[in-house]
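> I have a structure here, written as structure tokens, and I will follow up with some questions on it.
The values are calculated or read from the model by the stated rules, or taken from the named source; none is laboratory data. Computed from a predicted model, the values in this text were never measured in an experiment. Please note: Cβ atoms are built from the backbone with ideal geometry, for glycine as well, and neighbour counts cover all protein chains shown.
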Amino acid sequence: KNGNGIISIIRLMDIQAKPILFSTFMLSLMAEIYNTFPEEGDSEKPKLCIFIDEAHLVFDEASDALMDQLEVIIKLIRSKGVGIFFCTQNPTDVPDAILSQLGLKVQHALRAFTEKDRTAIKKAAQNYPITAFYKTDEIITQMGIGEALVSALNEKGIPTPLAVTICRAPLTRMNVLEDDEVDELVKKSLIAEKYNEEIDRESAYEILARKIAKAASEEQQEKKSADQDKELAELQKAEAKRMAVKQKEIERLRKIQDREERGKVAANEKLWKDIARQATRRTKDNSLFGVLARGILGVLGVK
């Protein structure tokens, strides 16, 4: 607004002690910027600058695959009009593959207290253009507060000669702001209305808890349904067994009834045979009664 930009500060104090998580977050942030920003080409100045403080945390314990992705994003993101600044105490904290992609280098003084420090300083000095004006590995240890070695890219993309530069002191109080001061600054922010509103979004824990509860409920329902099916199958089996017993009993009773009926028929036939025999014995003559008796017996099939 009015030619001024907006500074947004993301505090990641809670994940700085987790290098893998920190580097994954930064890669995710840069990947999202790269995928959503339009192509800008070779713009005069970047429309977004990202300053990554304690940059060594991005590279500590990062896997090879993560480093490859970071290198690719840093190479390509400049075409989106985005500049990335890595802020760290020692340039050796930044991998060579990343360091080679950086055009602007600002190196404050380094102190050599051990042999390892002196080796690191000589290695850091080799990251800057060769100059006849300075012995880089010496001047880098002699600079005072507010002084820095600076090398940038000129309009043709060529690194400028190394120069010892006195940096302008920040026009601010070098102290921690009080809570009241922070609140006052936040109230004046143009984006406070949007970003200062507390939104109680559903957390990952709540989402997972809901999914677990749903899965448990479905599992319980499936178990209940399986138990009901099992109980129904047992009832059907018991009913089939009962019906088989009943059918068997009906068949047994039917057989008994058939035997009784055959017995009655046999008894009736025997009775009639006995009657016929007695009648035959009494009527051996050719009387009318004998003729009738033999006729009746003939009809009945009795000989």
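> Ser23 - would you say it is polar (S, T, N, Q) and assigned to a helix (DSSP H, G or I)? Steps first, answer last, please.
Details: polar (S, T, N, Q): yes; assigned to a helix (DSSP H, G or I): yes.
The answer is yes for Ser23.
> Ok, one more. Looking at region 106-135, which of the residues that are aromatic (Phe, Trp, Tyr) and within 17 Å of Thr160 (Cα to Cα) is surrounded by the most Cβ atoms within 10 Å (Cβ to Cβ)? Break it down stepwise before answering.
Applying the first criterion (aromatic (Phe, Trp, Tyr)) to region 106-135 yields 113, 128, 133-134.
When the remaining residues are screened for being within 17 Å of Thr160 (Cα to Cα), the result is 128, 133-134.
Numbers: Tyr128: 20, Phe133: 10, Tyr134: 18.
Going through the qualifying residues, I end up with Tyr128.
> Filter region 178-205 down to the residues that are among the aliphatic types (A, V, I, L, M) and surrounded by 10 or more Cβ atoms within 10 Å (Cβ to Cβ) and list them by number. If you could, list the steps in order and put the result at the bottom.
Taking region 178-205 and keeping what is among the aliphatic types (A, V, I, L, M), we get 182, 185-186, 190-192, 199, 204.
Of everything in region 178-205, those that are among the aliphatic types (A, V, I, L, M) and surrounded by 10 or more Cβ atoms within 10 Å (Cβ to Cβ) turn out to be Val182, Leu185, Val186, Ile191, Ala192.
> Which helices (runs of 4 or more DSSP H) sit wholly inside region 49-140 and have at least 2 residues that are under 26 Å from Ile10 (Cα atoms)?
Values: elements: 56-59, 64-76, 96-99, 115-125.
Answer list for region 49-140: 56-59, 64-76, 96-99.
> For residues that are under 16 Å from Ala55 (Cβ atoms), out of contact with any strand residue (DSSP E or B) (no Cβ under 8 Å at 6 or more places or on another chain) and exposed (fewer than 14 other Cβ atoms within 10 Å of the Cβ), tally how many sit in region 66-96.
Number of matching residues: 2.
> How many residues does region 203-213 contain that are among the hydroxyl-bearing types (Ser, Thr, Tyr) and over 30 Å from Ile7 (Cβ atoms)?
Residues of region 203-213 among the hydroxyl-bearing types (Ser, Thr, Tyr): 203, 205.
Going one step further and asking which of them are over 30 Å from Ile7 (Cβ atoms), we end up with 205.
Matching residues across region 203-213 total 1.
> How many residues are of a type in the set (D, E, K, R) and at pLDDT 85 or above if we restrict to region 138-165? Break it down into steps so the answer makes sense when it comes.
First pass over region 138-165, keeping only residues of a type in the set (D, E, K, R): 138, 147, 155-156.
Then drop every residue that is not at pLDDT 85 or above, which leaves 138, 147.
Going through region 138-165 one residue at a time, the tally reaches 2.
> Among the residues of region 136-151, write down those that are on the phi < 0 side of the Ramachandran plot and surrounded by 12 or more Cβ atoms within 10 Å (Cβ to Cβ). Don't jump to the end; show me each part of the working.
Taking region 136-151 and keeping what is on the phi < 0 side of the Ramachandran plot, we get 136-145, 147-151.
Passing the criteria: Thr136, Asp137, Ile139, Ile140, Thr141, Met143, Glu147, Ala148, Leu149, Val150, Ser151.
> With respect to Phe86, determine if the residue is closer than 30 Å to Ser189 by Cα, in contact with a helix residue (DSSP H, G or I) (Cβ under 7 Å, 6 or more places away or on another chain) and either touching a residue at least 24 places away in the same chain (Cβ under 8 Å) or small (Gly, Ala, Ser) (or both).
On the way: closer than 30 Å to Ser189 by Cα: yes; in contact with a helix residue (DSSP H, G or I) (Cβ under 7 Å, 6 or more places away or on another chain): no; either touching a residue at least 24 places away in the same chain (Cβ under 8 Å) or small (Gly, Ala, Ser) (or both): yes.
So Phe86 does not fit the description; no.
> Could you tell me which residue of region 174-202 is modelled with the highest pLDDT, considering only residues that are over 18 Å from Gly5 (Cα atoms) and part of a helix (DSSP H, G or I)? Don't jump to the end; show me each part of the working.
Kept after step one, since they are over 18 Å from Gly5 (Cα atoms), are these residues of region 174-202: 174-184, 196-202.
If we keep only those that are part of a helix (DSSP H, G or I) as well, we get 179-184.
Values: Asp179: 85, Asp180: 90, Glu181: 86, Val182: 82, Asp183: 84, Glu184: 86.
So, considering only residues that are over 18 Å from Gly5 (Cα atoms) and part of a helix (DSSP H, G or I), the one modelled with the highest pLDDT is Asp180.
> Take region 21-39 and flag every residue that is surrounded by 14 or more Cβ atoms within 10 Å (Cβ to Cβ) and either of a type in the set (Asp, Glu) or under 18 Å from Ser63 (Cβ atoms) (or both). Lay out the reasoning, then the answer.
Step one: list which residues in region 21-39 are surrounded by 14 or more Cβ atoms within 10 Å (Cβ to Cβ), which gives 21-27, 29-31, 33-34, 37.
Leu21, Phe22, Ser23, Thr24, Phe25, Met26, Leu27, Leu29, Met30, Ala31, listed by residue number.
> List the residue pairs whose Cβ atoms are under 9 Å apart, where the first residue sits in region 2-17 and is within 27 Å of His56 (Cβ to Cβ), the second is among the basic types (Lys, Arg) and loosely packed, with under 10 Cβ neighbours inside 10 Å, and the two are 6 or more positions apart or on different chains.
none
> Sticking with this one: Take Leu297 and tell me if it is modelled with pLDDT of 75 or more, part of a helix (DSSP H, G or I) and surrounded by 10 or more Cβ atoms within 10 Å (Cβ to Cβ). Lay out the reasoning, then the answer.
On the way: modelled with pLDDT of 75 or more: no; part of a helix (DSSP H, G or I): yes; surrounded by 10 or more Cβ atoms within 10 Å (Cβ to Cβ): yes.
So Leu297 fails the test.
> Taking the condition of being closer than 10 Å to Ile84 by Cβ and under 32 Å from the mean Cα position of the chain (by Cα), how many residues in region 34-48 meet it? Give the steps one after another, and end with the answer.
Here is the first cut: in region 34-48, the residues closer than 10 Å to Ile84 by Cβ are 46, 48.
Narrowing further to those that are under 32 Å from the mean Cα position of the chain (by Cα): 48.
Residues meeting the conditions: 1.
> For region 106-145, how many residues meet the condition of being over 28 Å from Pro170 (Cα atoms), of a type in the set (S, T, N, Q) and in contact (Cβ under 8 Å) with a residue 12 or more places away in the chain?
Matching residues across region 106-145 total 1.
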